[in-house]
Amino acid sequence: MVVITTTDGSEAAEALARGGVEARVAACAQIVGPIRSVYWWDGRVQDDPEYQVWFKAPADRFQDIRDYILGAHTYDTPEVIQLPITAGSAAYLAWLTDETKPR
C-alpha cells in the first residue's frame, strides 16, 4: 500500500519521511513537492503550498503508519490516505515486507 500525507514545508516532510522509515513502519518514503493545495479549513477556502509524503509498506502496517503520522504530524487533522498497491514486482513487494518487520 501507499499512505499519503501532506505537510507545510520541506523540513517537516523530511522529518516525517525519515522518522517513518527509521521506525520501520514504512520501507520507503518519498517526498513530492512543493504542491499547491486548495481546501476548506476554518470556514473558508485556503490556498497553500504543501509537500506530500508517500509511505510504502504492506497493507497490514496501515495502523502503524497512521498512528505514527498522527503522533508525529504538526497539523491538527493531517491527511492520512491509504492507496492499495494492486500489483508490483515480487522482489519489490517482498522487500516492502522485509523492511517493515519489527526488529
Whole-number percent relative contact order across the chain, with pairs defined as alpha carbons under 8 Å at least 6 apart: 39
Values of log10 I(q)/I(0), in the order q = 0.17, 0.28, 0.32, 0.35 Å⁻¹, for region 63-103 under a Debye, Cα-only, solvent-free model: -0.65, -0.99, -1.07, -1.14
Accessible surface, per residue, of the chain when the full set of protein chains is kept, probe 1.4 Å, Å²: 61
Cβ crowding within 10 Å averaged over residues, with 50-56, 69-75, 35-41, 24-30 ranked highest first: 50-56, 24-30, 69-75, 35-41
Net +/- balance of residues flanking ASP60 in space, Cβ distance below 15 Å, scoring K and R +1, D and E -1: +1
Convex hull volume per residue in cubic angstrom - Cα atoms of the chain: 98
Region 3-57: proportion of alpha-carbon pairs further apart than 18 angstrom, %: 35
TYR92 paired with TYR75, simple spin-label distance in nm, labels 7 Å along Cα-to-beta-carbon: 2.5
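The values are calculated or read from the model by the stated rules, or taken from the named source; none is laboratory data. Just so it is clear, the model here is predicted, and its values are computed rather than measured. No Cβ is skipped: glycine too gets one built from the backbone with ideal geometry, and neighbour counts run over all protein chains shown. For accessibility, only protein heavy atoms count, side chains too; no ligands or nucleic acids. Shrake-Rupley method; radii C 1.70, N 1.55, O 1.52, S 1.80 Å.
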